[in-house]
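Trainee: Okay, handing you the structure first.
The values are calculated or read from the model by the stated rules, or taken from the named source; none is laboratory data. This is a predicted model, so every value here is computed, not measured. Don't worry about glycine lacking a Cβ; one is built from the backbone with ideal geometry, like all the others, and counts go over all protein chains shown.
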Amino acid sequence: MQELEPKARALTKTELIHGMLRQGILSLKYRPGDYLNIDELARRHEISPIPVREAVARLVAERLVIMRPHIGAEVAHLDETSVREIFALLGGLETAAVGDIVAKVTGSDIVALRQIHAEMEKLSLPDDLGSWDRTNAEFHLKLASIAQLPFILEHLGVVFDHWDRARKFFFEISPRRDSGNAQREHLDMIRALEAGDVELLHALLHRHNERARQVYLKLLAGRS
């Protein structure tokens with residue numbers, strides 16, 4: 001007798017509202033500094049304010065929303081501090097896993113990284129900007145996944161979500177990307193991984209993140 005596959009659990013109201021608000025914040029539907037009116041959101045979705053408050057509390061824990069005394073829930077701002085934090089976390093998490101990445105890499109991992117790199121080569125900027133950003137994140141998350149350290153990978157995924165919001169926000173000013181340098185650095189990372197060179201891969205990741213950080217800080221300086 002064929003076993004029936006277990007049905008997927010239905011999302012709770014809190015999970016549904018959290019996912020909707022989170023996606024809205026990451027896509028800039030809700031802009032930095034926007035006020036999230038809990039009662040209005042509850043009325044709009046015809047639910048009690050309780051799951052909305054619970055969803056907002058999760059977003060506060062993820063640092064996508066902040067609670068202002070006597071004001072309420074506000075979408076977190078993006079400023080120089082947030083840029084520095086994002087890149088400090090990216091750099092720390094990626095470089096911390098380098099030894100495990102090199103120790104555990106397989107031939108199929110190298111093939112997968114080269115395939116992602118090849119997909120990025122097909123994209124032209126600025127027309128394919130969104131696809132380039134998504135594939136860039138895919139490259140870095142694939143690289144980190146080789147370490148088989150789930151907690152680091154989970155946190156890195158969250159940081160990439162914050163980075164994605166920052167990219168969308170700051171590159172409204174200038175949609176340009178230095179994709180040529182980024183792609184050369186990606187290829188150098190693959191080659192360092194193939195050679196089993198821990199120190200070189202560590203240095204390449206550090207330089208890659210630092211160069212991107214400087215681009216964002218320069219954009220911020222241009223806004224002031």
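Trainee: Can you tell me which residues in region 9-23 are surrounded by fewer than 16 Cβ atoms within 10 Å (Cβ to Cβ) and closer than 13 Å to Asp164 by Cα?
Mentor: The answer is Gln23, and nothing else.
Trainee: So, in region 194-220, of the ones that are out of contact with any helix residue (DSSP H, G or I) (no Cβ under 7 Å at 6 or more places or on another chain) and at pLDDT 95 or above, which residue ends up nearest to Gly107 (Cα to Cα)?
Mentor: So the residue we want is Ala195.
Trainee: Glu62 passes all but one of (1) in the same structural domain as Glu185 (by TED's automatic domain parsing); (2) modelled with pLDDT under 95; which number fails?
Mentor: Failing condition for Glu62: (1).
Trainee: Taking region 195-215 as the region of interest, how many residues are surrounded by fewer than 17 Cβ atoms within 10 Å (Cβ to Cβ) and more than 21 Å from Arg84 (Cβ to Cβ)?
Mentor: So the count comes out to 5.
Trainee: Among the residues of region 95-124, count how many are β-branched (Val, Ile, Thr) and within 21 Å of the chain's Cα centre (by Cα).
Mentor: If we filter region 95-124 for residues that are β-branched (Val, Ile, Thr), which is where we start, we get 95, 98, 101-102, 105-106, 110-111, 116.
Checking the rest, the ones that are also within 21 Å of the chain's Cα centre (by Cα) come to 95, 98, 101, 116.
Qualifying residue count, region 95-124: 4.
Trainee: Can you list the helices (runs of 4 or more DSSP H) found entirely within region 111-224 that contain at least 3 residues being more than 24 Å from Pro32 (Cα to Cα), among the β-branched types (Val, Ile, Thr) and touching a strand residue (DSSP E or B) at 6+ places or on another chain (Cβ under 9 Å)? Spell out how you get there, then give the answer.
Mentor: Numbers: elements: 129-145, 150-170, 179-195, 198-223.
Ranges flagged: none.
Trainee: Additional query: Yes or no: region 58-69 includes at least one residue that is in contact with a Ser or Thr (Cβ under 6 Å, 6 or more places away or on another chain), farther than 19 Å from Val158 by Cβ and outside any helix (DSSP H, G or I). Give the derivation first.
Mentor: Initially, region 58-69 is screened for residues in contact with a Ser or Thr (Cβ under 6 Å, 6 or more places away or on another chain), giving none.
No, because not a single residue in region 58-69 is in contact with a Ser or Thr (Cβ under 6 Å, 6 or more places away or on another chain), farther than 19 Å from Val158 by Cβ and outside any helix (DSSP H, G or I).
Trainee: I'm trying to understand the selection: among the residues of region 169-193, which are surrounded by fewer than 18 Cβ atoms within 10 Å (Cβ to Cβ), at pLDDT below 85 and closer than 22 Å to Leu28 by Cβ?
Mentor: Phe171, Glu172, Ile173, Ser174, Pro175, Arg176, listed by residue number.
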